[in-house]
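Here the structure is laid out as structure tokens; the discussion comes afterwards.
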There are 2 protein chains.
Amino acid sequence: MKKIDIFKKLRSSGLRPTKQRVEIAKFLFERDKTFHFTIESLDKLLAKKTTSRFALATIYNTVHAFKNAGHLSEVDVRGKKTYFDTNITNHHHFYDNETLELIDIDASEVVIQKIPKAPNGKKIKNVEVFINLKN
Amino acid sequence: MKKIDIFKKLRSSGLRPTKQRVEIAKFLFERDKTFHFTIESLDKLLAKKTTSRFALATIYNTVHAFKNAGHLSEVDVRGKKTYFDTNITNHHHFYDNETLELIDIDASEVVIQKIPKAPNGKKIKNVEVFINLKN
DNA sequence: ATTCTAGTTTATAATTATTCTAAAGAGAAA
DNA sequence: TTTCTCTTTAGAATAATTATAAACTAGAAT
């Protein structure tokens, strides 16, 4: 991913490309594989990877702006921390309850044959399949 | 559900049947339909329904003891609060993002045709289907 | 280039959900 | 009853997240 794309992601999220934001965006999006993180893990990774210092609030704000703009998705995981995913395509997850790790499942790997119709005046927004793993 | 069953539920959860615990158990299990709640909503409902006073810690402890004993299940919902479900059979959920309400889906209503196999030495513990609703 | 202004970063405080603690209270056994 | 252990309770502690306010920049206007 080129720097120009990073700027696009920032602008489309309503964010001015500041030093911190560019570093966060590059860290999140300039990679081959998608990945999962929590605010805490991202904070630690950024601290290792870069020389800049980041206030937690900045990370929260930036990540949420990306999420609201659709550049990141949020994953439901039992537990206190919120997980984010740079994979924003329609897909599903394994969750390893031992290592607390998320593993992507491509949408094509799951085929649902039957699903109930939405109640009263509601519509189905999306279907998430979450597969818990044990040893 | 008779009182004797309430006592069984408490005993099997490693809890002595004290006044507070009996009231919580009766409120949760002496009903026809299963239902969903958070600690906060349960606290309010108990305050309305009964004359006893309950410390939040007591509700947390009792609910978690029931959960650990398998008399309640925990449901993943995006958001801060933890939802519990008195329906402990294998089933799925609609989640109404407007009203923040959970709606049960019977396991028979969902048929999954294809699912990936678990990675390396892992096994599949369970599969949760979560259907987000919009208006 | 310099200045100006609105948007940002940061440290810290506030908030919210949850868990812990220590003292007072209540079952159960002798 | 009397003791002993388990409970309840109020409030403190913890942890994730959000809000605040002052110091600081990016980008526009000059």
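For the residues B:PHE130, B:PHE84, B:PHE66, the requirement of being away from chain A (no Cβ under 14 Å) and crowded, with 16+ Cβ neighbours inside 10 Å singles out B:PHE66.
Looking only at residues that are over 12 Å from the mean Cα position of the chain (by Cα) and over 18 Å from B:ASP104 (Cα atoms) in region B:26-40, which one is surrounded by the most Cβ atoms within 10 Å (Cβ to Cβ)? The extreme case among them is B:LYS26. All conditions but one from (1) in a helix (DSSP H, G or I); (2) among the β-branched types (Val, Ile, Thr); (3) not assigned by TED's automatic domain parsing to the domain that holds B:LEU10 apply to B:VAL127; the one that does not is (1).
Under 9 Å between Cβ atoms, which residue pairs at least 6 apart in sequence (or on different chains) link something in region B:45-72 that is on the phi < 0 side of the Ramachandran plot and among the small types (Gly, Ala, Ser) with a partner that is more than 8 Å from DNA strand D (Cβ to nearest atom) and not in a loop (DSSP other than H, G, I, E, B)? Matching pairs, first to second residue: B:SER52/B:GLU23; B:SER52/B:LEU46; B:ALA65/B:LEU10; B:ALA69/B:LYS9; B:ALA69/B:SER12.
Mind checking which residues of region B:78-90 are hydrophobic (A, V, I, L, M, F, W, C) and without any contact (Cβ under 8 Å) to a residue 40 or more places away in the chain? If the condition is that a residue be hydrophobic (A, V, I, L, M, F, W, C) and without any contact (Cβ under 8 Å) to a residue 40 or more places away in the chain, then B:ILE88 is the only one that fits. When the strands (runs of 3 or more DSSP E) confined to region B:51-97 are screened for residues that are closer than 22 Å to B:VAL127 by Cα and either of a type in the set (Val, Ile, Thr) or within 16 Å of DNA strand C (Cβ to nearest atom) (or both), those reaching at least 3 such residues are found at B:73-75, B:83-85.
Checked against (1) surrounded by fewer than 14 Cβ atoms within 10 Å (Cβ to Cβ); (2) near DNA strand D (Cβ under 10 Å from one of its atoms), A:ASP43 passes all but a single condition, namely (1).
Within region B:26-50, the set of residues being within 14 Å of DNA strand C (Cβ to nearest atom), in contact with a helix residue (DSSP H, G or I) (Cβ under 9 Å, 6 or more places away or on another chain) and part of a helix (DSSP H, G or I) comprises B:ILE39, B:GLU40, B:LEU42, B:ASP43. Against the condition within 16 Å of DNA strand C (Cβ to nearest atom), small (Gly, Ala, Ser) and not in a strand (DSSP E or B), how does A:ALA118 come out, does it pass? No, not satisfied. A:GLN20 passes every criterion in (1) near DNA strand D (Cβ under 10 Å from one of its atoms); (2) exposed (fewer than 15 other Cβ atoms within 10 Å of the Cβ) apart from (2).
The values are calculated or read from the model by the stated rules, or taken from the named source; none is laboratory data. Keep in mind that this is a model prediction, so the values were computed, not measured. As a convention, Cβ positions derive from the backbone with ideal geometry for all residues, glycine included, and neighbour counts pool all protein chains shown.
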